[in-house]
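Here the structure comes first, spelled out in structure tokens, and everything after it is commentary.
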Amino acid sequence: MNTSDTLECGHSLAELSAYLDTGQIADPVHVETCPECQAGLASLRHLSELGRELLSSDVAEAGSGTDDWMQSILDNLRLELRPGRSIPLQSGNPQDTLWETEGSISALIRSVADALPGTAAGKCRLHGDVTTPGADITVEVEIAVVYGHPMEERAAALRQELAETLAVQTELTIQAINITVTDVLEPPHPASPADATTEEQP
Amino acid sequence: MTGSPAAQHQLDLVPDALLAGRAADGDTAAFEALARRHGPLMRATARRLTGSLADADDVVQETLVQAWKQLDGLRDPAAVKGWLLRIVGSRSIDHLRKRRHHADLGTVENAVDPDSRPKNKDPETNAVNSSRIEALKAALAKLPEEQRRCWVLKEFNDQSYEEIALTLNISPASVRGRLARARITLARTMEEWR
Amino acid sequence: MTEPMDVGAAAPASASAASADLGILAEQLLGVVQSVEGVSSVYPAQPLWQSIAGAVLSVVTGDTPALITLTDEAGVLAVKTRIAVGTSRPAPAVAREVAEAVRRHLLPRPAAVDVSVVKVGV
């Protein structure tokens, strides 16, 4: 390649660089037939290819999203994620104030749903005044069921499991646990972001 | 198939758009699944932009904090990956600015680890393959900072000139010019590796 | 969150000797909280990232934020802690036991203990 940015034919490598990204250039017919331009484009394309190789090498070196580096980032993040309302707990001493965060209970509900074979949690809400001890609370959970699992049976199993867990881990007065199946998931095969057809509308 | 491995796997089946929607709704597990899915690319990008892996992790962390706070404003949940990468871009730039504020670390990012320099032009194909990547890394590290940023945002994240311009706070015309200069320099260096 | 307390008087009792004492006490209390069965971890009493700038600072300096905060409020020691609890025991019982253990450790000093369960389960 030349030391100058401008080729013998008068076009510049800067123009070819932009052409590579946008497909636009003043004189496309010339570019198609000019050996200088074609050589310049080939060189730039080769560089792009190397760039993609560097990217895959860097991504491979970055490790998996399930590795420790990401786990420690996520552990830190949890502290920042919306804690929600503070749910009071009975204390043994009037001077003390004890709480569970709403976020901790929602996460618990989701983990129960996620741990049940064939189901994954979606939205989860505690309706009612959780900040007042003894107030009636309704739990709303949306779940996705993996294709092939009977929905009614999965929902009933989850309702039972949640009632038991919430009775042990909270002091909430649960009036009802409403479970809605909002999605059916394909059985395991790698999902691509382009498959986003099952998205629900709010 | 019981316990959390199955749950992990089930969330891995859920497409980006659905996870982003759930995360915007306050679902931390969905947000974490997104973070795991795109974490490696975010980390790789931040590393090339900041020049170090330690900085890259700080950037990924800050990016996720910001993403969590701003998820409500994401109009197209299916575009969450590009959106995350744009935040990585601006946080990386901010990160360098802040570090400069603390101390003059201007030389750090251009320093090349001695081990990562191309050692020789070993004819063995394996060696050639990895050493041309090393050569590109070294050439990239020698580029003026703004040029390198433009190149990384374009080639790693496929951002448009307008998006890069917003991230770097320069005009799209400057992006076009800097990207071209970066490519010309890099292409010349890499000609011998064809 | 600490309704029974006079929040306006939340400043530590000035003297640096006193604050050093509080630092040692906070460390002891951390051990007390961690040894309660069912407590799986103790989080910084103040959320780590009140702001992004704060996160940068703590990353750069490597400072670890206080896990237990202690404030002397008109002679009553206000203790604040945020904990994660496993599922082996009921979370409310664990929270009560944490408060009681802290109170017992501080005797005969009067204390008001604030315990937040921010995570239940693994």
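The values are calculated or read from the model by the stated rules, or taken from the named source; none is laboratory data. No experiment lies behind these values; they were computed from the predicted model shown. We place every Cβ from the backbone using ideal geometry, glycine too, and count neighbours over all the protein chains shown. All accessible areas refer to the heavy atoms of the entire protein, side chains included, with ligands and DNA or RNA removed. Shrake-Rupley method; radii C 1.70, N 1.55, O 1.52, S 1.80 Å.
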Antiparallel DSSP bridges in segment A:83-187: what percent, to the nearest 5? 50 percent
Ignoring ligands, DNA and RNA, how much accessible area is buried between chains B and A, both sides summed, with a 1.4 Å probe, to the nearest 100 Å²? 5800 Å²
Note: segment A:36-141, point scatterers on Cα, Debye, no solvent; log10 I/I(0) at q = 0.13, 0.15, 0.17, 0.21 Å⁻¹ equals -0.73, -0.85, -0.97, -1.16
Using the basic label-point model (7 angstrom from Cα toward the beta carbon), what is the B:Ala173 to C:Arg89 distance in nanometres? 7.0 nm
So how far apart, in nm, are the two label points at A:Thr131 and C:Arg104 if each is 7 Å from Cα heading toward Cβ? 3.3 nm
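Quickly estimate the mean residue ellipticity at 222 nm for chain A, helices only: each DSSP H run with n ≥ 4 gives -39500 (n - 2.57), and the total goes over all residues, rounded to 500. Kindly include the intermediate steps, with their values, before the conclusion.
On the way: 6 runs with 88 residues, N = 202.
Taken over chain A, the calculation gives -14000 deg cm²/dmol.
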Which ³J(HN,Hα) values, rounded to whole Hz and listed in residue order, are derived for segment A:146-152 from phi using the Karplus coefficients 6.51, -1.76 and 1.60 in 6.51 cos²θ - 1.76 cosθ + 1.60 with θ = phi - 60°, glycine and proline given as x? 5, 3, x, 8, x, 5, 4
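Roll a 1.4 angstrom probe over the protein heavy atoms and tell me the percent of accessible area of segment A:13-62 that is carbon or sulfur. Write down the numbers at each step before the final one.
Working: 1240 of 2290 Å².
That fraction is 54 percent.
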Accessible surface, per residue, of segment A:63-125 when the full set of protein chains is kept, probe 1.4 Å, Å²: 35 Å²
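Would you mind giving the total buried accessible surface between chains C and A, with a 1.4 Å probe and ligands, DNA and RNA left out, rounded to the nearest 100 Å²? Present the calculation step by step, with values, prior to reporting the outcome.
Values: alone 7330 and 13720 Å², together 18720 Å².
Answer for the C-A pair: about 2300 Å² buried.
Given the Cα-Cα distance of B:Ala54 and B:Lys142 and 0.36 nm per residue of separation, how much length would full extension add, in nm? Don't skip to the end; give the middle numbers.
Working: separation 88, 0.36 × 88 = 31.68 nm, distance 2.02 nm.
So the extension gain works out to 29.7 nm.
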Rounded, prolate or oblate, given the Cα gyration tensor of segment A:13-62, with a/c below 1.5 counting as rounded? prolate
With axes computed from alpha carbons, what is the tilt in degrees of helix A:35-62 against the longest principal axis of chain A, rounded to the nearest 10 within 0 to 90? 30 degrees
Among B:Lys69/C:Lys80; A:Lys123/B:Lys81; B:Lys98/C:Lys119; B:Lys69/B:Lys154; B:Lys98/C:Lys80, the pairs whose Cα-Cα distance exceeds 23 Å are B:Lys69/C:Lys80; B:Lys98/C:Lys119; B:Lys69/B:Lys154; B:Lys98/C:Lys80
Spin-label pair A:Asp75/A:Gln175, simplified geometry with 7 Å Cα→Cβ offset, distance in nm: 4.1 nm
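With r as the distance between the Cβ atoms of B:Arg97 and A:Glu186 and R0 = 45 Å, compute the FRET efficiency 1/(1 + (r/R0)^6) and round to 0.05.
0.50
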